Amino acid sequence: MYKTVFLTMGLFTLATSLMQAQLTYPVTEKETITDNYFGVRVDDPYRWLEDDRSEKTATWVTKQNVVTEKFMSSVSFRDKIKTRLTELWNYNKESAPYKKGNFFFCYKNNGLQNQSVLFIKKSIDDAGEILLDPNALSNDGTVSLSGTSVSKNGKTLAYGISKAGSDWVEIHFKDIESKKDLPDVLKWVKFSGMSWKGEGVYYSRYNQPDGSALSQKNKFHKLYFHKLGAAQEKDELVYEDKNNGDFNFSASVTDDENYLCLYTSQSTSGHKLMIKDLKKVGSDFVQIADNFDFENDVVDNMGETFYMRTNKNAPRYKLVSFNLNNAQAYSWKTILPETEHLLEGVRLCNNKILANYLENVTSKLYSFSLQGNREKEIELPGICHLSSISSDKNYDFATYSIVSFTSPEQVFYLDAKTWKSKQIFKPAIKFDSENYVTEQVFYPSKDGTKISMFITHKKGLVMNEKTPCFVFGYGGFNISYGPEFRTDRAVFLEAGGIYCVPNLRGGGEYGEEWHKAGTKCKKQNVFDDFIAACDYLVARKYTSHNKLAIHGRSNGGLLIGAVMTQRPDICKVAIPTVGVLDMLRFHLFTIGRAWAVDYGSSENKEEFDCLIKYSPYHNIKEVNYPATLILTGDHDDRVVPAHSFKFAAALQEKNKSKEPTLIRIDVNAGHGAGKPTSKQIDEFGDMWSFVFYNLGMNI
């Protein structure tokens, strides 16, 4: 037996060496470009790859994809992994229904549909009928819904569509009774909601770009009101700021349609807030918050009394109320004071308060009186996350959905008279959730800070230095990464792998102080937290560095790029996905300047001194790096693909190891939102093929 295992391993190692020896990367042309940052000269030889419209860049993309496809096609079990992923994905999915007018609305997917379908239902138990099927809008599933909004009378649907994963959105309108589209189309919409007032919607847009729509800076956002039947050119300009091109505006109308809440932001956190009384013709906006220091989100109103979730003087958030006639902060009345746990969300239901908290990154749901007296805990099952909740102050029910690391989204109906829940939807997935377990551990980071980490694996799995381990991280922009079911992870768990998610600083799991501890010149804390997670897993004999793969998306892609350049020995496999990898120039593209609140800016000397130390693209050295698969999309206009292009070129140039250094560029795909099921299965199939192959796993 031992001889057979040894021989098999020997053949596997030989096959690996032969495959890697056959890898020939395209020669990426270098140019002599040098920038001067406060007296520090920084070379940028691959800047030409920033031009997403050039034939030269397109040729480079094609050549890189040929090399990557050649490698992937030689992985013997690639098709087997994609077949299993397809089986896992093929289960019925349904969102928590919400009520508008006399109808309920929800999204359904029968399993392998590229995009989920919007259904309309007469009752909570009704199977419903199709209202809008985005799969009919394209042949390949690359047109997706990007937000919907139903008018108060329930007669008209406003819906946004995105093409090829772009952040650019077109807003269309549909008559709900006839299910026919109206002629109105709103273009060049981005980072916008659709909020109804009577027979029209408030929305936000930019002017039509005069350069590349996928990389040009987005400047001078404006808020408009569109009345159904009018041409877009006739839309009323409601608000703009000609002196501040970096400001973004979003608006929401209260349920009674009496008030307009206008939020102004210049980054990804903190915003100004003004409210306008729409009952009074010509009334001015009333200032509620006049700076970007805090989050202030209106939850609901009862007449002129507003309820607002805020982190002003409450890093873990509180609920306050105020009257529009006396809205200064010193007049706010605290309804739910800040606690030791994060107040993640608040809604009104049956003239009560429903508040969900994160207690050590696990959801808890409670009901309170309007005066803030706690009345009931709504029982949720173990380590889970409340992924959505829908309610209305006038309804005597709510709907919500929960998810865990081992089970996909389940939907519940909550009776707001008794606060009892009943399950109304459970998917039938071909994955034995009961055979897996999630544990939560706490480990010390480099500076001694205790960090939470979730570890999921098969029940009874004996873990040691030979156990494959996959660590996923994010750590930024006040975003919490609690329990969530990722279908693709199931194929790794089934193969005896361990899936780990550490809750890094920079995220929102423990409030604003936790977030700030991982921003700007404290960003290194995030990387230290992640490195400490990997070292903890090795020290506790869960795995070894040679059996460890690391992965992150977007800001998480930056995380992986920074970790692998700081600690090339940390893992066997690294997968930075749609990552922010050039920290000196991120602010020059699309909405990148808004990220400076988390990252800082190379235009500030102190922040440049911090950024240059960890910017992944600028810290690639001539050393041995792990097997690396860089994932991006050619239509990504959130984190432009130039980040990944330049990083790949530099890594291929300088990597001294024989491990593969590949980039997979998904054509006709964006940052990730709205990516069709078929493309997800293809991408994850390649990702897991790469992981399994380089960790010496099989399926």
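The values are calculated or read from the model by the stated rules, or taken from the named source; none is laboratory data. Remember, it's a predicted structure, so these values are computed and weren't measured experimentally. Cβ atoms come from the backbone with ideal geometry, glycine included; neighbour counts cover every protein chain shown.
Say we look at region 172-184 and pick out the residues that are surrounded by 14 or more Cβ atoms within 10 Å (Cβ to Cβ) and over 25 Å from the mean Cα position of the chain (by Cα); which of these is farthest from residue 132 (Cα to Cα)? Working first, answer last.
First pass over region 172-184, keeping only residues surrounded by 14 or more Cβ atoms within 10 Å (Cβ to Cβ): 172-174, 176, 181-182, 184.
In the following step, the residues that additionally are over 25 Å from the mean Cα position of the chain (by Cα) were identified as 173-174, 176, 181-182, 184.
Details: 173: 11, 174: 9, 176: 10, 181: 10, 182: 13, 184: 16 Å.
That would be 184.
Looking only at region 122-143, count how many residues are farther than 22 Å from residue 160 by Cβ and touching a residue at least 24 places away in the same chain (Cβ under 8 Å). Result for region 122-143: 2. Among the residues of region 31-43, are any out of contact with any Phe, Trp or Tyr (no Cβ under 8 Å at 6 or more places or on another chain), modelled with pLDDT under 95 and closer than 21 Å to residue 215 by Cβ? No: region 31-43 contains no residue that is out of contact with any Phe, Trp or Tyr (no Cβ under 8 Å at 6 or more places or on another chain), modelled with pLDDT under 95 and closer than 21 Å to residue 215 by Cβ. Flag not set for residue 577, criterion: at positive phi and either of a type outside the set (D, E, K, R) or not assigned by TED's automatic domain parsing to the domain that holds residue 212 (or both).
I'm checking my understanding of the structure. Among residues of region 441-466 that are without any contact (Cβ under 8 Å) to a residue 12 or more places away in the chain and part of a strand (DSSP E or B), which one is surrounded by the fewest Cβ atoms within 10 Å (Cβ to Cβ)? Walk me through it before giving the result.
Residues of region 441-466 that are without any contact (Cβ under 8 Å) to a residue 12 or more places away in the chain, as a first pass: 442, 448, 450, 460, 462.
If we keep only those that are part of a strand (DSSP E or B) as well, we get 442, 450.
Details: 442: 11, 450: 8.
Going through the qualifying residues, I end up with 450.
Aliphatic (A, V, I, L, M), buried (at least 22 other Cβ atoms within 10 Å of the Cβ), within 23 Å of residue 613 (Cβ to Cβ) and at pLDDT 95 or above, is that true of residue 517? Spell out the reasoning first.
Values: aliphatic (A, V, I, L, M): yes; buried (at least 22 other Cβ atoms within 10 Å of the Cβ): no; within 23 Å of residue 613 (Cβ to Cβ): yes; at pLDDT 95 or above: yes.
No: the conditions fail for residue 517.
Filtered by the rule that a residue be under 26 Å from the mean Cα position of the chain (by Cα), under 23 Å from residue 23 (Cβ atoms) and not charged (D, E, K, R), region 652-669 gives 661, 662, 663, 665, 667.
Listed by first and then second residue, the pairs linking a residue in region 529-557 that is without any contact (Cβ under 8 Å) to a residue 40 or more places away in the chain and assigned by TED's automatic domain parsing to the domain that holds residue 518 to a residue that is buried (at least 24 other Cβ atoms within 10 Å of the Cβ) and outside any loop (DSSP other than H, G, I, E, B), with Cβ atoms under 7 Å apart and 6 or more places separating them unless they lie on different chains, form an empty list. Taking region 266-275 as the range and being part of a strand (DSSP E or B) and either surrounded by 20 or more Cβ atoms within 10 Å (Cβ to Cβ) or in contact (Cβ under 8 Å) with a residue 24 or more places away in the chain (or both) as the test, the residues that pass are 272, 273, 275. For region 520-553, name all the residues that are out of contact with any strand residue (DSSP E or B) (no Cβ under 9 Å at 6 or more places or on another chain) and either within 18 Å of residue 615 (Cα to Cα) or modelled with pLDDT under 95 (or both). Selection gives 520, 521, 522, 523, 524, 525, 526, 527, 528, 531. Restricted to region 526-547, and to residues there that are surrounded by 24 or more Cβ atoms within 10 Å (Cβ to Cβ) and either among the acidic types (Asp, Glu) or touching a helix residue (DSSP H, G or I) at 6+ places or on another chain (Cβ under 6 Å) (or both), the residue that is nearest to residue 514 (Cα to Cα) is 529.
Taking the conditions exactly as written (at pLDDT below 95 and outside any loop (DSSP other than H, G, I, E, B)), does residue 144 satisfy them or not? Criteria met by residue 144.
Within the bounds of region 398-417, is there any residue that is surrounded by fewer than 17 Cβ atoms within 10 Å (Cβ to Cβ), without any contact (Cβ under 8 Å) to a residue 60 or more places away in the chain and either among the polar types (S, T, N, Q) or closer than 26 Å to residue 513 by Cα (or both)? Looking through region 398-417, none of the residues is surrounded by fewer than 17 Cβ atoms within 10 Å (Cβ to Cβ), without any contact (Cβ under 8 Å) to a residue 60 or more places away in the chain and either among the polar types (S, T, N, Q) or closer than 26 Å to residue 513 by Cα (or both). Just so you know, in region 608-633 the residues that are within 19 Å of residue 522 (Cα to Cα) and of a type in the set (A, V, I, L, M, F, W, C) include one that is nearest to the chain's Cα centre (by Cα), and it is 611.
The residues of region 651-685 that are buried (at least 24 other Cβ atoms within 10 Å of the Cβ) and part of a helix (DSSP H, G or I) amount to a single one, 651.
Look at residue 186 and say whether it is among the hydrophobic types (A, V, I, L, M, F, W, C), assigned by TED's automatic domain parsing to the domain that holds residue 227 and either touching a Lys or Arg at 6+ places or on another chain (Cβ under 6 Å) or within 20 Å of residue 230 (Cβ to Cβ) (or both).
Values: among the hydrophobic types (A, V, I, L, M, F, W, C): yes; assigned by TED's automatic domain parsing to the domain that holds residue 227: yes; either touching a Lys or Arg at 6+ places or on another chain (Cβ under 6 Å) or within 20 Å of residue 230 (Cβ to Cβ) (or both): yes.
Yes.
So is residue 66 among the aliphatic types (A, V, I, L, M), modelled with pLDDT of 95 or more, in contact with a strand residue (DSSP E or B) (Cβ under 6 Å, 6 or more places away or on another chain) and not assigned by TED's automatic domain parsing to the domain that holds residue 424 or not? In short, no. Filtering 466, 458 for residues that are out of contact with any Lys or Arg (no Cβ under 7 Å at 6 or more places or on another chain) and basic (Lys, Arg) leaves a single hit, 458. Here's a check for you: in region 58-78, which residue that is farther than 14 Å from residue 686 by Cβ and in contact (Cβ under 8 Å) with a residue 40 or more places away in the chain is surrounded by the fewest Cβ atoms within 10 Å (Cβ to Cβ)? In this case the residue turns out to be 61. Residue by residue through region 79-118, note down the ones that are in contact (Cβ under 8 Å) with a residue 24 or more places away in the chain, of a type in the set (Ser, Thr, Tyr) and surrounded by fewer than 17 Cβ atoms within 10 Å (Cβ to Cβ). Selection gives 86 alone.
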